[in-house]
1. Would you mind telling me which numbered condition in (1) touching a Pro at 6+ places or on another chain (Cβ under 7 Å); (2) buried (at least 19 other Cβ atoms within 10 Å of the Cβ) T140 fails?
2. Look through region 146-163, keep the residues that are among the aliphatic types (A, V, I, L, M) and modelled with pLDDT under 95, and return whichever of them is surrounded by the fewest Cβ atoms within 10 Å (Cβ to Cβ).
3. Considering only region 240-343, give the helices (runs of 4 or more DSSP H) lying wholly within it that have at least 2 residues that are under 21 Å from L227 (Cα atoms).
4. Determine which member of the set W117, W32 is aromatic (F, W, Y) and open to solvent by 50 Å² or more (accessible area, probe 1.4 Å).
5. Go through the residues of region 32-50 one by one and say whether even a single one is more than 24 Å from N370 (Cα to Cα) and part of a loop (DSSP other than H, G, I, E, B).
6. What pairs can you find where one residue is in region 156-183 and without any contact (Cβ under 8 Å) to a residue 24 or more places away in the chain, the other is surrounded by 24 or more Cβ atoms within 10 Å (Cβ to Cβ) and part of a strand (DSSP E or B), and their Cβ atoms are less than 9 Å apart, with a gap of 6+ or different chains?
7. List pairs: first residue in region 91-108 and touching a residue at least 24 places away in the same chain (Cβ under 8 Å) and more than 21 Å from L375 (Cα to Cα), second residue among the β-branched types (V, I, T) and assigned to a loop (DSSP other than H, G, I, E, B) anywhere in the structure, Cβ distance under 7 angstrom, at least six positions apart or on different chains.
Amino acid sequence: MDASSLPFLRFLFGPGAHAGLAALCDDRQERWLRYDALSLQVTELAQIFRPSAPEPAARRLVLCMLSRTSAGVRAYLAACASDSAVFLLDPDVVAARQMQAFVSAYEPDWVVLTSPWRPLGPYAPFSWPLEGLYLWRRVTAPSHALHEDLFLLFPLPTAPAEAVTSARLSYKAVAHNVMASLEALEQGKMVEDKDGGYQLFLDQSARRPPRMLCPLPLASSYGLSLLHMMLSCGGGIFVSERSLKDRQLCTQARARDVDWFAGAPYHYDYLTRAGLENLAWPALKMYLLGGGTLPRARLESLWRQIKARDGAFFTLYGLVEAAPRIACLPVHRFPEKIMSRGLLLRDGQGKFEKDRFCYQGPNVMMGYANSRADLAEGDMQKGVLVVEEKGLFDEDRFLFLGYP
């Protein structure tokens, strides 16, 4: 599989896919960038990352520290479209010293940064047209080639600050997880095609594809999965560096007809304290909670407030190593299963053995990496992921975590 198999890049390879629909916007743009315009821009940028004629046709690794802006999204999509593997780091979390440790360990062919800081080693600046981002090119060959299935690399969120360990995700794992997540959110029916890729037959009853506000970093597996989902179903994504507490953010999202919101527990903690009944945003109907959970009382309060707004509420569970979605709690099982993490996504299986959660599915990572040499390795996990976590499945196969 390669970039053309990724459902969120279909608009680049399928003629007229989603053509005139709204695709991308940030708080500096008054109008949405449409899919046809986005396709032209991403295709042009992708040429930068592809090897030139005299160079060997080896795949590239692009290390990215990107802002939550339209430019950041386009840089990421361009790296993906060039058939490069992509390593994502959060500029708000990773300090310069740690970033250099990742550069030294993984020897990226390209480095995209939000600051003019120069990576140490054989790197030279490279001019390109995206404002607010800086590009560096490696001028010597790295020590090892990349495995043909490798697509994404994420640092582990629980790793020590000095660690450079990352999760290696394949094209197939990410593609399957995007489609299975949309199916779990009741946006359509997922099917596997004859070429081993995945398609989603969309819900035709929707008045138009969704438009989502994403206040999460692109470098988080949760935040990136939201971008993947929106572009896969012809939806639009509104990104901003503003805090949710900034009233201007909600004003701008409302003006852009945003009707989906996805956040982490700290976002919803703020929303429930402020009171959703005070949110003058009647079009907002879909609410997604991921990246952790909330206490039962807070979840029940949130569910009641969303229900009063005639909205739909889904909670999501996942891990970086699972690309990232593992389970989803459907809206119609609230409040009965409110403390559950939901049902496993399509093709996922799980069981508990000796206080360990054993998960198996096509979205499991290829394995961990600590150096460039590890990026040449194939699938070490064979679809199996074991997590030190107590829990159980109830009689309806809903997943509960943290239970003895």
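1. (2)
2. Filtering region 146-163 for residues among the aliphatic types (A, V, I, L, M) gives 146, 150, 152-153, 156, 159, 161, 163.
Add one more test, that the residue is modelled with pLDDT under 95, and what stays is 156, 159, 161, 163.
Details: L156: 15, A159: 12, A161: 10, A163: 15.
Here the answer is A161.
3. Values: elements: 247-255, 265-274, 296-308.
Passing ranges, in order: 247-255, 265-274.
4. Values: W32 fails: open to solvent by 50 Å² or more (accessible area, probe 1.4 Å).
It is W117.
5. Taking region 32-50 as the starting set, the residues that turn out to be more than 24 Å from N370 (Cα to Cα) are 32-48, 50.
So of that shortlist, the ones also part of a loop (DSSP other than H, G, I, E, B) come out as 32, 50.
Within region 32-50, one or more residues are more than 24 Å from N370 (Cα to Cα) and part of a loop (DSSP other than H, G, I, E, B).
6. Listed pairs, sorted by first residue: A159/S166.
7. P91/T114
Matching residues to (1) open to solvent by less than 70 Å² (accessible area, probe 1.4 Å); (2) under 23 Å from A373 (Cβ atoms); (3) at pLDDT below 95:
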site	(1), (2), (3)
A167	yes, yes, no
S170	yes, yes, no
V178	yes, no, no
Q187	yes, no, yes
E192	no, no, yes
D203	no, no, yes
R208	yes, no, yes
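The values are calculated or read from the model by the stated rules, or taken from the named source; none is laboratory data. This structure is a prediction, so every number in the text was calculated from the model and none was measured. Positions of Cβ are generated from backbone atoms using ideal geometry, with glycine treated the same way; all protein chains shown enter the neighbour counts. Side chains included, ligands, DNA and RNA excluded: accessible areas come from the protein's heavy atoms. Shrake-Rupley method; radii C 1.70, N 1.55, O 1.52, S 1.80 Å.
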